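Single-structure report; data block below.
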Amino acid sequence: MILVIAEHRDGKLNRATLETIAAAQAASAQASGPVKAAVLGSGVDTVAAEVAAADLAEVIAVDDAALKDYTADGFVLALQALIDAEKPDRVFLPHTYQTRDFAPALAARLNRPLITDCVAVKDGAYVRPMFQGKLQADVAVEGAHLATFQIGAYRADAMKAGGAPAAVRKAAIAIDASRIRQRPEQPFKEAKQAVDLSQAERIVSVGRGIKAQEHLQLAQQLAQAMGAEIAASRPICDAGWLPMDRQIGSSGQTVAPRLYVALGISGAIQHLVGMKGARTIVAVNKDPEAPIFEIADYGIAGDLFEVVPAMIAELNK
Amino acid sequence: MTREWQLRVNDQKTWIRDQDAGFELNEPDAYALEEALRLKEKHGGEVVACCAGPARATQVIREALARGADRAIHVEADALATADASVIADALAAAIKDEAVDLVLTGLQSDDQGFGQVGVILAEKLGMPHATIIMEVQQGDGGLLRVKRELEGGWFQWVALPMPALLTIQSGINQLRYATLKGIMAAKKKEIRKVTPPAAAPAQRITSLYFPEKGKKTQMLAGSPAEAAKELVKRLREEARAL
Ligand SMILES: Cc1cc2nc3c(=O)[nH]c(=O)nc-3n(C[C@H](O)[C@H](O)[C@H](O)COP(=O)(O)OP(=O)(O)OC[C@H]3O[C@@H](n4cnc5c(N)ncnc54)[C@H](O)[C@@H]3O)c2cc1C
């Protein structure tokens with residue numbers, strides 16, 4: 001049996017859950033066996049009912065006041081008890097920030113291996129990126145295990161819906177709240193962003209390939225010639241070369257411009273999730289194997305310090 | 001592994017050809033070390049750099065000492081270069097458990113394997129509470145530690161937890177310092193304690209390592225920079241209508 005752990009916040013289901021159910025359905029078709037889902041929290045009836053629309057053998061709700069606000073300890077305690085009781089041989093989770101926080105501890109407590117960031121299941125082996133997405137590995141694992149699935153690896157609309165809603169069952173699990181060591185405060189957003197890149201028509205985005213802060217003006221000149229906003233990958237903002245609100249990616253802004261030009265950006269998944277909705281993607285990178293070329297519409301394998309001036313000259317003709 | 005090295009896969013297609021690679025400190029780990037040094041500057045105490053890896057990791061340990069760590073522990077074994085997250089966490093736990101640690105900081109994931117697991121498993125093995133993807137560390141009320149976690153899409157959250165605790169550090173939490181010549185000289189005299197890891201049974205095995213298949217849709221524009229730029233601008237105007 002495959003057990004999928006659903007994720008939600010304030011009663012809103014995270015779509016990544018549907019992708020993970022799609023992954024589980026595909027994996028169970030290869031190996032056969034039922035797929036179930038678990039929903040954890042306090043007052044989860046609505047979310048559980050939403051999950052039950054999928055083609056699942058059953059939805060298990062773990063409803064406990066101690067799970068109202070997410071904590072790593074709370075989730076590990078609840079899921080350890082649930083997995084001990086239900087004995088799934090595989091547990092699938094979306095590779096979200098929340099999962100990153102508790103799944104490794106859960107795996108350790110269960111003494112089961114965890115394979116993170118999977119993009120596919122093939123004949124029981126898991127495919128996952130390594131070396132910042134430049135290489136891919138097939139990973140074999142023995143016995144019962146857990147696996148997390150990268151966002152976008154499976155499509156939510158590939159998830160099979162059930163003919164009728166799946167049965168929802170409340171698990172009889174009591175959580176000892178005194179064993180929860182983390183005290184979370186309410187999530188918040190930093191001071192309002194000065195630039196809203198989600199509305200930009202065109203974006204010129206720079207990555208570490210730009211090498212030094214003073215070279216940013218080259219990208220700025222290109223942006224000007226294109227009528228584009230300037231943005232960046234995380235390392236550029238980490239270094240303080242551009243403000244944080246220019247960062248594109250899972251921890252930055254999500255954009256969908258008409259044109260996205262990636263200069264010296266390798267194409268790590270955390271960056272791609274922020275920009276792959278762009279209609280036309282151009283990548284300039286001196287490494288012809290850079291993962292960014294897997295999603296670009298137009299690619300130039302070359303040195304940006306030669307290519308970008310040529311682009312500016314061409315645009316200004 | 002250094003960023004600039006052109007990756008190559010070994011003949012068995014199970015790992016990179018690491019004999020011709022150069023190695024450096026993982027970026028998230030560099031931020032974790034920096035945060036440890038800053039906490040020491042503020043609150044006092046000692047910073048111990050601990051690394052599980054083959055003999056060549058000594059170079060990275062020296063770098064940590066040169067930046068300001070007081071001493072180091074090297075859990076040394078060749079197999080650790082390619083080990084899974086649980087095996088690495090086991091090795092680190094064995095080396096740390098008898099140290100009187102208040103705080104363990106790790107990078108949130110490595111640049112090579114990218115498991116994103118070692119820190120959290122290590123917390124579990126040490127019996128410590130943990131918090132991940134940390135962007136700020138403060139002293140909280142009642143002896144608690146108060147840390148700022150990064151959530152997706154620009155959200156954050158403060159979490160308080162008792163010490164000893166383990167935090168996985170996100171890049172950008174601070175600005176990195178580099179080793180000074182004085183630091184490099186001082187590092188030569190600092191202690192590196194060698195530890196042998198416990199025997200481990202890996203539970204995961206890479207059966208094949210390869211370059212991902214290219215999407216068919218990318219049109220690569222060849223020629224000199226000027227030619228490629230000309231062709232690109234033409235296509236963006238006429239084909240994609242993006243300009
Ligand atoms: C939890 C988490 C959240 C994250 N959130 C984000 C996020 O929101 N946004 C984000 O961007 N990243 C994020 N990251 C980091 C991400 O994993 C990558 O580390 C980052 O995107 C890499 O940035 P980069 O492509 O600019 O740098 P690198 O990966 O170092 O790539 C630089 C590229 O430049 C190329 N290059 C070098 N010199 C030249 C030249 N002269 N001409 C042309 N090309 C050149 C190189 O070939 C290389 O491909 C996150 C990571 C984690 C773990």
Handout entry: lysines whose Cα lies under 17 Å from that of residue A:36, excluding same-chain neighbours fewer than 8 positions away
Key = A:87, A:160, A:170
Completion exercise
Filtering trypsin sites (Lys or Arg not before Pro) in the range B:159-206 by DSSP loop and by at most 10 other Cβ atoms within 10 Å leaves B:188, B:189
Handout entry: Of the trypsin sites (Lys or Arg not before Pro) in the range A:109-207, those whose Cβ has at most 12 other Cβ within 10 Å and which sit in DSSP loop
Key = A:155, A:192
Practice task
Find the percent of Cα-Cα distances in the range A:69-119 that exceed 14 Å, and round it to a whole number.
Solution key: 49 percent
Exercise for the section: Hand me the chymotrypsin sites (Phe, Trp or Tyr not before Pro) from the range B:156-220 located in a DSSP loop with no more than 10 other Cβ atoms within 10 Å, in residue order please. Expected result: B:178
Problem - Note, ³J(HN,Hα) from phi for the range B:115-128, Karplus 6.51, -1.76, 1.60, rounded to Hz, x at Gly and Pro - result: 5, x, 10, 4, x, 5, 5, 4, 4, 4, 5, 8, x, 9
Exercise for the section: Work from the charge dipole of the range A:116-160 (Cβ charges, +1 for Lys and Arg, -1 for Asp and Glu, about the Cα centre) and give the residue of A:146, A:159, A:135 farthest towards its positive end. Expected result: A:159
Handout entry: Sequence-distant residues sharing a close amide H with residue A:114 (under 5 Å, placed H)
Key = A:146
Handout entry: Pairs from A:317/B:234; B:97/B:148; A:68/B:97 whose Cα-Cα separation, in the structure shown, is over 22 Å
Key = B:97/B:148; A:68/B:97
Problem - Total accessible surface hidden between B and A, rounded to 100 Å², 1.4 Å probe - result: 7400 Å²
Exercise for the section: Classify the range A:90-202 as rounded, prolate or oblate from the Cα gyration tensor: take a ≥ b ≥ c as the square roots of its eigenvalues, call it rounded if a/c is under 1.5, otherwise prolate when a/b beats b/c and oblate if not. Expected result: rounded
Completion exercise
Residue by residue through the range A:124-140, the couplings from Karplus 6.51 cos²θ - 1.76 cosθ + 1.60 with θ = phi - 60°, in Hz, x for Gly and Pro, are x, 8, 10, 9, 9, x, 9, 6, 6, x, 6, 10, 10, 10, 8, 10, 9
Handout entry: Isotropic mean projected area of the C-alpha convex hull, the range B:162-218 (nm²)
Key = 10.9 nm²
Exercise for the section: Go through the range A:5-16 residue by residue and turn each phi into a ³J(HN,Hα) via Karplus (6.51, -1.76, 1.60, θ = phi - 60°); whole Hz please, and just put x for glycine and proline. Expected result: 9, 7, 10, 8, 9, 6, x, 9, 5, 6, 4, 4
Handout entry: Listed residues B:50, A:237 arranged by accessible area, highest first, probe 1.4 Å
Key = B:50, A:237
Practice task
Quick one: pull the percentage of alpha-carbon pairs in the range B:99-199 with a separation above 15 Å.
Solution key: 71 percent
Practice task
Name the shape class, rounded, prolate or oblate, that the alpha-carbon gyration tensor gives for the range B:98-148, where a ≥ b ≥ c are the square roots of its eigenvalues, rounded holds for a/c under 1.5, and otherwise prolate holds if a/b is larger than b/c and oblate otherwise.
Solution key: oblate
Fill in the blank from the handout: Per the helix-only model, the protein assembly as shown has a calculated mean residue ellipticity at 222 nm (DSSP H runs of ≥4, -39500 (n - 2.57) each, divided over all residues, rounded to the nearest 500) of -8500 deg cm²/dmol
Problem - Among beta bridges that DSSP assigns inside chain A, antiparallel share in %, nearest 5 - result: 20 percent
Problem - log10 of Debye I(q)/I(0), alpha-carbon scatterers only, for the protein assembly as shown at 0.07, 0.11 Å⁻¹ - result: -0.42, -1.07
Problem - Taking N as its residue count, the alpha carbon Rg of the range B:1-96 over 2.2 N^0.38 Å - result: 1.19
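The values are calculated or read from the model by the stated rules, or taken from the named source; none is laboratory data. If you're wondering where the values come from, they're calculated on a predicted model, not measured in any experiment. Cβ sites come from the backbone with ideal geometry, for glycine too, and all protein chains shown count toward neighbours. All accessible areas refer to the heavy atoms of the entire protein, side chains included, with ligands and DNA or RNA removed. Shrake-Rupley method; radii C 1.70, N 1.55, O 1.52, S 1.80 Å.
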